[in-house]
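The structure appears below as structure tokens.
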Amino acid sequence: MEELIDQLLASLKGIWKYRWHAALAAWLIAILGWIRVITLPDDYQTSARVFVDTQSVLKPLLAGMTSMPNIEQQVSIMSRTLLSRPNVERVMRMVDLDLDAKTAREHEMQLDDLMSKIKIGSTNTFDIYTITYNNKNPKIVRDVVQSLLTIFVEGSFKGKKGESQKAVQFIDEQIKNYEDKLSSAENLVKEFKIKNNMLLPRQGIDYGSQLSMSSDSLNNAKLELLEAEQARNAIKSQISGDEPVLDLEPNAAAIDNPEIDGRIAALNKNLDSLRMQYTELHPDIIAAKHLVAQLEERKIAESKLKSSNPDPGKNYSPMLQQLKVALTEADAKVASIKARVQEYSARNERLIAQSNAVPEVESQLAQLNRDYLINKDNYEKLIGRREAAKLSGDLSSTTEMMTFKIIDPPTVPLTPIGPNRPLLFSAVMAGAILAGIAAALLISQIRPTFLSPGELREATGLTVLGTVSMSWTDAQKIKRRRGQYGFGACVLGLFLVYGAVMALTLIKY
């Protein structure tokens, strides 16, 4: 510790020895530094604050009718892209800064300098944006901030409108394409129906229903033909003298023939006795049944022979003439119904023959209709989307969706915000003093002297036997005192100059 104190005292003595060198260095550095600070250009700053009101009454009113633009995101993105190169170049043209650039390198330097000095800030709670710019020219400061504010407002309004116009243009192109597709699909359906007209459903009736209806019509026609033929046969029986009957074959039980009836009754009685003893497959029972059947056929045959009328004038009676007329009408009706049955049969056969081709035709028609309906549905959706896109574009550009309120407009600053000359003057003063002390210390180290017996003893390693004190004369004492006063005046003058510079700076700014 004692050595440290001794070394410190030795350094102070060395500095004091070369104090005039320190004063000269301090004066030189202070004067040069103060001149540099005085010549620094003034730095002016202005700012503008704008509030973006994105709460509009149109949002709840138009909800569901169109896609609502995200106004908050739109403004936020515009604020982040405001300092893009195209926007900054536009600002340079608006304030004529590009006129000062003679070369491309100077233009790039101006552009970089402008981008580095523009600051954009925003609040998280409220949509308040601040634009700040610094420059040595107060008018340019105001013009730059005003230009940025104009670009910010215009960009926020026009950003989405251009996108909406492109969207409408794209949708119009798609609508045109779908119109062509619909026209082509309609032509395909029309040509297919003309080509396969006989195989397609009619009035909502499919092929299966057509085939079923054709079969029903054919069966009804056949039944009607059978009825007409029976009616015609009945008329023929009347003409031939028989009683009109519903059945074509007479019933054996209804014919009266005592001889044959007695024989049939005896055979039936014998048959009942045999059935009590044997089964139906017994030869006697089978033979008895066969004999009964032969007797009934004989009974019917004899009945037909007896039914002829021996009256020769019956063909000329009025009743017979009416029956012949009715028979002619019945024949015509039978012929008409036969023609209908043939037509229905041909139609039914044709439908049956086409049964393999009909499903394929119906499948192709269903595919064509499905494609047409899909194109039609997409076309109608695109029409609705186009109107929604137009409305969205109008909403994005309308001033009713968001309102810009200038809280603090940019103004021409009257006083600079920098440089901080008092602080710089003080820093130069402190640096000059430290530089003077450092210079004196450096000289003392370059030209060392022994200021005490101890330093000499340590430096040489020899024993110091004694010291000789300096005896100052009166003239030397006066000269030495004057030198001290001069050094004090020099230092005091340095501080006085510092004070004067500080005073002038505070008065001016």
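The values are calculated or read from the model by the stated rules, or taken from the named source; none is laboratory data. Not measured: the values here are computed from a predicted model. FYI the Cβ positions are ideal-geometry reconstructions off the backbone, even for glycines, and counts take in every protein chain you see. Note: areas computed on protein heavy atoms with side chains; ligands, DNA, RNA excluded. Shrake-Rupley method; radii C 1.70, N 1.55, O 1.52, S 1.80 Å.
Per-structure values
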quantity	calculated
Sole residue being assigned to a loop (DSSP other than H, G, I, E, B), at pLDDT below 85 and out of contact with any Asp or Glu (no Cβ under 6 Å at 6 or more places or on another chain), chosen from 308, 303	308
Given (1) within 30 Å of residue 143 (Cα to Cα); (2) open to solvent by 60 Å² or more (accessible area, probe 1.4 Å), index of the condition residue 422 fails	(2)
Enumeration of residues in the range 467-495 that are loosely packed, with under 10 Cβ neighbours inside 10 Å and in a loop (DSSP other than H, G, I, E, B)	467, 468, 469, 470, 471, 473
Residue match in the range 404-413 (condition: part of a strand (DSSP E or B), surrounded by 14 or more Cβ atoms within 10 Å (Cβ to Cβ) and at pLDDT below 85)	yes
Subset of the range 82-109 (residues that are loosely packed, with under 13 Cβ neighbours inside 10 Å and either at pLDDT below 80 or not in a loop (DSSP other than H, G, I, E, B) (or both))	85, 86, 93, 99, 100, 104, 105, 106, 108, 109
Complete set of residues in the range 326-341 that are free of Cβ contacts under 8 Å to residues at least 24 places away in the same chain and open to solvent by 80 Å² or more (accessible area, probe 1.4 Å)	328, 329
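One line per residue, one yes/no per condition, for (1) farther than 30 Å from residue 86 by Cβ; (2) modelled with pLDDT under 80:
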residue: 173; (1), (2): no, no
residue: 186; (1), (2): yes, no
residue: 201; (1), (2): yes, yes
residue: 206; (1), (2): yes, yes
residue: 222; (1), (2): yes, no
residue: 233; (1), (2): yes, no
residue: 243; (1), (2): yes, yes
residue: 247; (1), (2): yes, yes
